[in-house]
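K.L.:
Got a structure here, written out as structure tokens. Questions coming.
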Amino acid sequence: MTTYLIKGARPLGGAPADILVTDGRIAAIGDSLDATGAEVVQAAGLVALPGLVDLHTHLREPGREDAETVQTGSRAAALGGFTAVHAMANTDPVADTAGVVEQVWRLGQEAGLVDVVPVGAVTVGLAGERLAELGAMADSAARVRVFSDDGHCVADPALMRRALEYVKAFDGVIAQHAEEPRLTAGAQMHEGDRSARLGLTGWPAAAEEAIIARDVLLAEHVGARLHVCHVSTAGSVEILRWAKSRGVRVTAEVTPHHLLLTDACAESYDPVFKVNPPLRTDADVEALRAGLADGTIDAVGTDHAPHAVEDKESEWAQARPGMLGLEQALSVVIETMVEPGRLDWAGVADRMSVRPAQIGRLADHGRPIAPGEPANLVLVDPTARAAVDPAALASRSRNSPYAGRELPGRVVATFLRGTATVLDGKATR
Ligand code: DOR
Ligand code: ZN
């Protein structure tokens, strides 16, 4: 195993230091470390963060390998600075049995670029009718702790209650896609002035907020852990703030695209901007940034949602919702949170690594940058700026909402348990 001597990186944006990585762990941190035989990584000016952890990644395997595979998605993740990603369950077949989650877990091991952590479905086939084999998935080799019907809401309150009760036994968490389906039938974009003017059926904020309000009450009642996926409205942030002040065991994530983009993007009728939940208003974006800054929103979750060309390049109403996220997530957080002074580098580490690792119960990720810790690290150049070129992405799909947009921050290197998965900005495998 290669020993790496990282020279002059700034851990969490602090004073420059050398970091010695050997046998999968951080062996030493100090001034002018020396190590014969080590491969030197010149890191002056680079910020060192714990490897990023995504709670919300669609890898599409099994079933839609034309859009993404565990291998291509893992490479996109490593290039984005991630060392662990949670693979959502809405595959084909659905990840609702021990067999499927073990298959995804094994594919992740074989790719070897990030820890691929399968999410289990809450209900059989994501149909919202019967609980899936939650216990068997938890006991499987994949050790599933996060369960979600993402793409669909667990709309039946009695079923949601039973799911919350069930996962308490093994410290699991239900990650809810909060969308009251009877309020979003046929919805195409955020419901407001713009949807009325564009003539597209609206997705009202209340459809998200009503489910979050219901679910925090259920989580409080049964004393279980609830995680809210891709929070998108100002009202949702208020409800979460209230629930946390009451001691409810609730956590939440926001996507990079909801931190940066608004429903104004729909004016183009370009389906690359169609996503679920939809892009919202300026006021919502401001509330999401404030919620992430003050910790009401715990984490950034990418909702990386690759789609094949034929599913995206069509008229707006026919297009599938979803956009790529893994390779630009850190850049968007730098642009929306770090550069405006709303989050420092320790804050970025907390929201993109420490807290998501805790929510997913990943013991080896989101750790301090300190001797003895697993060497899951990312080195980022915060000053580099470049325009996003979709053709250059590692993802198998091309549906990036950031095409042509100049963003700050370049991931120079990523280390997974001491092995470089990215060096000089390039994937090593
Ligand atoms: O935009 C979305 N795309 N939202 C979801 O909830 C699911 C996802 C997908 O799987 O494409
Ligand atoms: Zn979702």
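Values quoted throughout were computed directly from the atomic coordinates according to the rules given, and no laboratory measurement underlies them. Just so we're clear, the structure is a prediction, and the values are computed from it rather than from any experiment. Neighbour counts are summed over all protein chains in view; Cβ atoms, including those assigned to glycine, are modelled from backbone coordinates with ideal geometry.
K.L.:
Give me a count of the residues in the range 165-181 that are touching a residue at least 60 places away in the same chain (Cβ under 8 Å) and over 27 Å from Val275 (Cβ atoms).
P.N.:
1
K.L.:
How many residues does the range 191-236 hold that are in contact with a helix residue (DSSP H, G or I) (Cβ under 8 Å, 6 or more places away or on another chain) and part of a helix (DSSP H, G or I)?
P.N.:
22
K.L.:
Quick check on the range 95-105. Is at least one of its residues touching a Gly at 6+ places or on another chain (Cβ under 9 Å), within 16 Å of ligand 2 (Cβ to nearest atom) and either closer than 21 Å to Leu52 by Cβ or without any contact (Cβ under 8 Å) to a residue 24 or more places away in the chain (or both)?
P.N.:
No, the range 95-105 contains no residue that is touching a Gly at 6+ places or on another chain (Cβ under 9 Å), within 16 Å of ligand 2 (Cβ to nearest atom) and either closer than 21 Å to Leu52 by Cβ or without any contact (Cβ under 8 Å) to a residue 24 or more places away in the chain (or both).
K.L.:
How many residues, within the range 183-200, are touching a residue at least 24 places away in the same chain (Cβ under 8 Å) and either away from ligand 1 (no atom under 16 Å from the Cβ) or of a type outside the set (A, V, I, L, M, F, W, C) (or both)? Show your work before the answer.
P.N.:
Looking only at the range 183-200, we keep the residues that are touching a residue at least 24 places away in the same chain (Cβ under 8 Å), and these are 183, 187-190, 192, 194-195, 198, 200.
With either away from ligand 1 (no atom under 16 Å from the Cβ) or of a type outside the set (A, V, I, L, M, F, W, C) (or both) added as a condition, the list becomes 188, 190, 192, 194-195, 198.
Here the count works out to 6.
K.L.:
Output yes when any residue across the range 229-239 is more than 16 Å from Ile297 (Cβ to Cβ), in contact with a Lys or Arg (Cβ under 9 Å, 6 or more places away or on another chain) and surrounded by fewer than 24 Cβ atoms within 10 Å (Cβ to Cβ), and no when none is.
P.N.:
As a first pass, look at the range 229-239 and keep what is more than 16 Å from Ile297 (Cβ to Cβ): none.
No, the range 229-239 contains no residue that is more than 16 Å from Ile297 (Cβ to Cβ), in contact with a Lys or Arg (Cβ under 9 Å, 6 or more places away or on another chain) and surrounded by fewer than 24 Cβ atoms within 10 Å (Cβ to Cβ).
K.L.:
Take the range 413-429 and flag every residue that is among the aliphatic types (A, V, I, L, M) and under 14 Å from Glu327 (Cβ atoms).
P.N.:
To start, the set of residues in the range 413-429 that are among the aliphatic types (A, V, I, L, M) comprises 413, 416, 420, 422-423, 427.
Those that are among the aliphatic types (A, V, I, L, M) and under 14 Å from Glu327 (Cβ atoms): Val422, Ala427.
K.L.:
Another question about this same structure. Out of the residues in the range 306-335 that are closer than 25 Å to Ala89 by Cβ and of a type in the set (Gly, Ala, Ser), state the one that is surrounded by the fewest Cβ atoms within 10 Å (Cβ to Cβ).
P.N.:
Within the range 306-335, the match that is surrounded by the fewest Cβ atoms within 10 Å (Cβ to Cβ) is Ala308.
K.L.:
Counting only residues that are more than 16 Å from ligand 1 (Cβ to nearest atom) and either surrounded by 21 or more Cβ atoms within 10 Å (Cβ to Cβ) or free of Cβ contacts under 8 Å to residues at least 60 places away in the same chain (or both), how many does the range 263-283 have? Lay out the reasoning, then the answer.
P.N.:
Within the range 263-283, the first condition is being more than 16 Å from ligand 1 (Cβ to nearest atom), and the residues that meet it are 264, 267-269, 281-283.
Add one more test, that the residue is either surrounded by 21 or more Cβ atoms within 10 Å (Cβ to Cβ) or free of Cβ contacts under 8 Å to residues at least 60 places away in the same chain (or both), and what stays is 268, 282-283.
Of the residues in that region, 3 qualify.
K.L.:
Since Leu164 meets every condition but one in (1) surrounded by 17 or more Cβ atoms within 10 Å (Cβ to Cβ); (2) outside any loop (DSSP other than H, G, I, E, B); (3) within 16 Å of ligand 1 (Cβ to nearest atom), which condition does it not meet?
P.N.:
For Leu164, the exception is condition (3).
K.L.:
Just give me the residues in the range 132-161 being surrounded by 21 or more Cβ atoms within 10 Å (Cβ to Cβ) and either away from ligand 2 (no atom under 16 Å from the Cβ) or more than 16 Å from Asn90 (Cα to Cα) (or both), in sequence order.
P.N.:
The answer is Ala132, Leu134, Met137, Ala138, Ala142, Val144, Arg145, Met160.
K.L.:
Let me ask something additional. Kindly indicate whether Asp303 is at positive phi and buried (at least 17 other Cβ atoms within 10 Å of the Cβ). Break it down into steps so the answer makes sense when it comes.
P.N.:
Values: at positive phi: yes; buried (at least 17 other Cβ atoms within 10 Å of the Cβ): yes.
When the stated conditions are applied, Asp303 passes them.
K.L.:
Let me ask another. Scan the range 101-138 residue by residue and report those that are over 20 Å from the mean Cα position of the chain (by Cα) and closer than 18 Å to Glu65 by Cα.
P.N.:
Glu102, Gln103, Arg106, Glu110
K.L.:
In the range 237-264, what residues are among the charged types (D, E, K, R) and either in contact with a Pro (Cβ under 6 Å, 6 or more places away or on another chain) or part of a helix (DSSP H, G or I) (or both)?
P.N.:
Looking only at the range 237-264, we keep the residues that are among the charged types (D, E, K, R), and these are 238, 241, 244, 246, 249, 253, 263.
Correct list: Glu238, Arg241, Lys244, Asp263.
K.L.:
Of all residues in the range 294-316, which are assigned to a loop (DSSP other than H, G, I, E, B) and within 16 Å of ligand 1 (Cβ to nearest atom)? Steps first, please.
P.N.:
Of the range 294-316, the ones assigned to a loop (DSSP other than H, G, I, E, B) are 295-298, 301-303, 305-308, 313-315.
Of everything in the range 294-316, those that are assigned to a loop (DSSP other than H, G, I, E, B) and within 16 Å of ligand 1 (Cβ to nearest atom) turn out to be Gly301, Thr302, Asp303, Ala305, Pro306, His307, Ala308, Glu313, Ser314.
K.L.:
Now a separate question. Among strands (runs of 3 or more DSSP E) lying entirely in the range 359-429, which contain 3 or more residues that are closer than 30 Å to Asn276 by Cβ and of a type outside the set (Lys, Arg)? Let's see the steps before the verdict.
P.N.:
Values: elements: 377-387, 406-416, 419-423.
Per the criteria, 377-387, 406-416.
K.L.:
From the list Arg367, Arg355, Arg405, which residue is of a type in the set (Lys, Arg) and surrounded by fewer than 20 Cβ atoms within 10 Å (Cβ to Cβ)?
P.N.:
Values: Arg367 fails: surrounded by fewer than 20 Cβ atoms within 10 Å (Cβ to Cβ); Arg355 fails: surrounded by fewer than 20 Cβ atoms within 10 Å (Cβ to Cβ).
Residue meeting the stated conditions: Arg405.
K.L.:
Could you look through the range 382-401, keep only residues that are over 30 Å from Arg320 (Cβ atoms) and more than 21 Å from the chain's Cα centre (by Cα), and pick out the one that is surrounded by the fewest Cβ atoms within 10 Å (Cβ to Cβ)?
P.N.:
Initially, the range 382-401 is screened for residues over 30 Å from Arg320 (Cβ atoms), giving 382-385.
Applying the additional criterion that residues be more than 21 Å from the chain's Cα centre (by Cα) yields 383-385.
Working: Thr383: 12, Ala384: 16, Arg385: 14.
So the residue we want is Thr383.
K.L.:
Restricting attention to the range 62-93, which residues are more than 22 Å from Pro374 (Cα to Cα) and out of contact with any Gly (no Cβ under 8 Å at 6 or more places or on another chain)?
P.N.:
If the condition is that a residue be more than 22 Å from Pro374 (Cα to Cα) and out of contact with any Gly (no Cβ under 8 Å at 6 or more places or on another chain), then Pro62, Gly63, Arg64, Glu65, Asp66, Ala67, Glu68, Thr69, Gln71, Thr72, Gly73 are the ones that fit.
K.L.:
In addition: Would you point out the residue of the range 94-129, among those that are assigned to a loop (DSSP other than H, G, I, E, B) and in contact with a helix residue (DSSP H, G or I) (Cβ under 6 Å, 6 or more places away or on another chain), that is surrounded by the fewest Cβ atoms within 10 Å (Cβ to Cβ)? Let's see the steps before the verdict.
P.N.:
Filtering the range 94-129 for residues assigned to a loop (DSSP other than H, G, I, E, B) gives 94-97, 112-114, 119, 121-122, 127-129.
Remaining after also requiring in contact with a helix residue (DSSP H, G or I) (Cβ under 6 Å, 6 or more places away or on another chain): 94-96, 113-114, 122.
On the way: Val94: 21, Ala95: 30, Asp96: 27, Leu113: 28, Val114: 30, Val122: 29.
Once the filter is applied, the top-ranked residue is Val94.
K.L.:
What number goes with the only condition from (1) under 19 Å from Ala43 (Cβ atoms); (2) assigned to a helix (DSSP H, G or I) that Gly347 does not pass?
P.N.:
Tallying (1) under 19 Å from Ala43 (Cβ atoms); (2) assigned to a helix (DSSP H, G or I), Gly347 fails exactly one: (1).
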